[in-house]
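Read the structure below first, then the notes.
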Amino acid sequence: MSLNLSGLALHTASVAVHWSTCTAAAQPEKQNPQPPHGFERNPSLDELVSDRRPLAELLEDFDRAVSCTESTVRGLVDLSAPVPVPDSPWVPEEVRAWEVRWCLAHLRTENARHAGHADLLRETLDGKDSLELNDLADAAE
């Protein structure tokens, strides 16, 4: 597997759709938002980085995921509602649920983390560090 920007964007989008739909399902009204086409399941990072569709198509999928996540999060009313945790090796056995607010904080953290990964990919391509980019931006003003 070789990390790439399109796979990273699709992973971020997939995680956002997954957790936002989980938080909606935990609401008292039991909202049941339908994930956008292509996001019905949570694919592995290996699958996402090997996706070879044209960039325009990948960006359309990303935009649909963002739109779904935004509308789902706007509909949340109970931030204390329990969201069942996934069965995975990185979740402690004694944890059965997280609050909706934890899931939203997790989404924010995931986005920040992956923005950093994207910046590292960019830096390997153009060789410019953040200080140099800041200087260039300041000079353009």
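General observations
- Across the range 116-133, rounded Karplus estimates of 3J(HN,Hα) from the backbone phi angles (6.51 cos²θ - 1.76 cosθ + 1.60, θ = phi - 60°) give x, 4, 4, 5, 5, 4, 4, 5, 5, 8, 9, x, 9, 8, 5, 5, 5, 5 Hz, Gly and Pro being marked x.
- On the basis of the beta-carbon distance and an R0 of 30 Å, Val91 and Asp126 show a calculated FRET efficiency of 0.20.
- Computed helical MRE - 222 nm, the chain, DSSP H runs ≥ 4 contributing -39500 (n - 2.57), nearest 500: -20000 deg cm²/dmol
- Taking the longest Cα principal axis of the chain as reference, the axis of helix 5-25 is set at about 20 degrees.
- Here Rg and Dmax of the Cα atoms in Å was calculated from the structure, and among (1) 23.2, 100; (2) 15.3, 55; (3) 17.3, 53 it sits at label (3).
- Rounded percent of accessible protein surface that carbon and sulfur make up, the chain, 1.4 Å probe: 57 percent
- Largest GNM mean-square fluctuation among Leu58, Leu120, Leu107, using the chain with Cα springs under 10 Å: Leu120.
- For Val83, the residues whose modelled amide H falls within less than 5 Å of its own, excluding neighbours fewer than 5 places apart on the same chain, are Trp98, Glu99, Val100.
The values are calculated or read from the model by the stated rules, or taken from the named source; none is laboratory data. Because the structure is predicted, anything quoted here is derived from the model rather than measured. Backbone-built Cβ (ideal geometry, glycine too); neighbour counts: all protein chains shown. These area figures cover heavy atoms from the full protein model, side chains too; ligands, DNA and RNA do not enter into them. Shrake-Rupley method; radii C 1.70, N 1.55, O 1.52, S 1.80 Å.
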